[in-house]
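To keep things clear, I will list the structure first and then write my remarks on it.
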Amino acid sequence: MLTGGQPEEIADMKKIAVNDLTLRDIFQNSSLHTLDMQVLDNILENYPSTGFNSVEVLGGSTFENMLENYFYKSPFQICSYINKMAPSLKLQVQIGARNLVGEDLYPKDIIDRFISQCIENGIESFRVYDALNDLNDIEYTAKRILDCGAGLQGTIIYDYSRPIEYYNNKVSQLTDMGCSSICIKDVESTLFPSRTAELFKSITSLTSIPIFISGYNMRGIQILNYFQACLNGGGGVDLSFLPSSYQDSSPTIFAFLLSLRQTGLSHNLDWTRLIQVFENVKKNIYPYLNQSSFSDSYVLSEPDHSLLPKWLISAISRQLKEIGEVEKADKVIEEIIRIKQELGNPSLATPIGQIIASQAILNTVISDKRWEIASDEIKKFLNGYYGLPPQDMDSDLKEKILRGAKGSQQWEQPPVDLYQQCENELKNITGKQEHVLSYCFFPEKTVAFLNKKQGKTGEVGKKKAGDYSLDRLNMKKLREITDLVETSNIENIDFEVDGVKISINKSSSKAEPETAARDQKPRYEEDMIEVKSPIVGTLYRSPSPDSPAFVQEGQPVKKGDTLCIIEAMKLMNKITADYDGTIERILAKNEQPVEFEQTIMVIRKGQ
């Protein structure tokens, strides 16, 4: 008997390659505070004997999520640890050709360093895509991967509006580029079985290299698409041990393997080992998986339209929860689809998905009317910074948004010395390339991770991004805060560094450790309410540069009125009044950074 309890005659059957997504999905879907090294060790115990062709450890939002882990290891170090624990596994990452694991387009030296850092930490294969299927943008990254001797899987984001000939051309180009395999990735769950059969029958006739199919199981029919792809020449699939009810995971392993029986197709997986790994995943991970954040009616009511990737829905849900607007989730989702159509129907893959979602929140939650505020990323998209969408954009909208916003000029690329800039900013904390790269992608989360790693025990591990350790206090930053106090109407700023109270006030204009900082804090009357920033970010007092401020000192406000906007990680957070009253004082300046729990305004309750 061979794998899966199937007879020996399957030895001559065509073998379908399986790329396992379980480890990647765990970091995207579970509560990270429940994961520790023992849990990871338990999961990895039988993995090397399963027979997977590859195991994907980074992709989607995994890199960013890994920065919040409690292993005290960077994403690269986690990959290295998995490689050491299971050296026979072929580890794979999924990256954007120019945005890698971030949301911007990065210069060539960062691409070079990222690829080298991945390989140094055990990565053997790279799945590379461009959100708009511009293969010219893939060429440089592909060449660097091949030059380093790693495997290259070129990826085509599926677009239901494209004819079969479009995919034929893309497959031929990727084959000529030197890819060892190709992947058709159904990001928005718009593939259906009959179309899948037609597509794979055509594209697999053009090349001898394996063509994979990958997709989120949003509609619950992805297993049928996989089955049709493999029956019509497909060579590989993405599977997961996570239950299919967690809708952003790929189809589950056992259902797909069973579907291959009596088809003339087989696999190289060991059924007994798979069950052992499954039991470990079920025991250690299932209880802590994040539940689906949207209803089945959303999926069932849109049978002919694109669906949002689950990771994007989860990000939207978190953002709306932070600003107290959870009930507007459906409205935001509808707005995303509407904006997508206005922008020429681009894929919602990273980074386009995040850009459109941020604008949808601006249009539906922050602004009084659609397109009252347009993010810089939207303007860059309209100007072709990220590439061309598959369909024509709304020309009237484009003209309206870009009028007075750099006109038709091209937006600048990230500086070529971005790595050096980030390295300089971290020089008092770390000089390791893996941390500098992480900082290039996610600066605030990287600082928070390094703070947590530096103080593995006690309260240090609970720091927010932007906090500083006393022995590494940035004196330049301290002077800037001091100058802010001197030139503004702020009388006093109190903050805490590793348990030591720091106070800056106009009377002294200097910072000093003290134990009685609370005595210097302004004492407000009982009817005075301090409005504090819930996050680290940049404060905006008006919806756009040409618009009046939301509020002024002395202005009456009602509960729910918008006071300001705080931008964090390219998302706009509306700060609203919790009480009826009058704006007594405004302590934070427009377009200036604010810290977590910094008082930004004071409201006198009552009218």
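Contact annotation: residue pairs with Cβ atoms under 9 Å, 6 or more positions apart or on different chains, pairing a residue in the stretch 372-389 that is under 17 Å from ASN133 (Cα atoms) and open to solvent by less than 20 Å² (accessible area, probe 1.4 Å) with a partner that is modelled with pLDDT under 90 and polar (S, T, N, Q), are TYR385/GLN410; TYR385/GLN413. Scanning the stretch 331-365 for residues that are aliphatic (A, V, I, L, M), in a helix (DSSP H, G or I) and over 25 Å from THR62 (Cβ atoms) turns up ILE337, ILE339, LEU362, VAL365.
Within the stretch 417-433, being farther than 17 Å from LYS445 by Cβ and either small (Gly, Ala, Ser) or not in a helix (DSSP H, G or I) (or both) holds for ASP417, LYS427, ASN428, GLY431. Candidates in the stretch 52-75 are the residues that are open to solvent by less than 10 Å² (accessible area, probe 1.4 Å) and assigned to a loop (DSSP other than H, G, I, E, B); of these, the one that is modelled with the highest pLDDT is SER74. Within the stretch 417-444, being open to solvent by less than 20 Å² (accessible area, probe 1.4 Å) and either modelled with pLDDT under 90 or over 19 Å from GLN77 (Cα atoms) (or both) holds for TYR419, CYS422. Within the stretch 191-202, can one find any residue that is β-branched (Val, Ile, Thr) and touching a strand residue (DSSP E or B) at 6+ places or on another chain (Cβ under 6 Å)? Taking every residue of the stretch 191-202 in turn, none turns out to be β-branched (Val, Ile, Thr) and touching a strand residue (DSSP E or B) at 6+ places or on another chain (Cβ under 6 Å). Criterion applied to LYS398, LYS321, LYS328 was being in a helix (DSSP H, G or I) and at pLDDT 90 or above, and the one residue passing it is LYS398.
Tell me, which strands (runs of 3 or more DSSP E) wholly within the stretch 536-607 include 3 or more residues that are at pLDDT 90 or above and more than 27 Å from the chain's Cα centre (by Cα)? Correct list: 581-586, 599-605.
Restricting ILE43, ILE82, ILE111 to those that are over 30 Å from TRP271 (Cβ atoms) and either within 16 Å of the chain's Cα centre (by Cα) or part of a helix (DSSP H, G or I) (or both) reduces the list to ILE111. Confirm whether GLY178 is in contact with a Phe, Trp or Tyr (Cβ under 6 Å, 6 or more places away or on another chain), at pLDDT 95 or above and either over 26 Å from LEU312 (Cα atoms) or surrounded by fewer than 17 Cβ atoms within 10 Å (Cβ to Cβ) (or both). It is false that GLY178 is in contact with a Phe, Trp or Tyr (Cβ under 6 Å, 6 or more places away or on another chain), at pLDDT 95 or above and either over 26 Å from LEU312 (Cα atoms) or surrounded by fewer than 17 Cβ atoms within 10 Å (Cβ to Cβ) (or both). Residues in the stretch 554-607 that are without any contact (Cβ under 8 Å) to a residue 40 or more places away in the chain and buried (at least 19 other Cβ atoms within 10 Å of the Cβ) were compared, and the one that is farthest from ALA360 (Cα to Cα) is ILE583.
The values are calculated or read from the model by the stated rules, or taken from the named source; none is laboratory data. Note that this is a predicted model, so its numbers are computed, not measured. In this analysis, Cβ positions are derived from the backbone assuming ideal geometry, glycine residues included, and neighbour counts consider all displayed protein chains. Quick note on the areas: whole protein, heavy atoms, side chains included, nothing else; ligands and nucleic acids left out. Shrake-Rupley method; radii C 1.70, N 1.55, O 1.52, S 1.80 Å.
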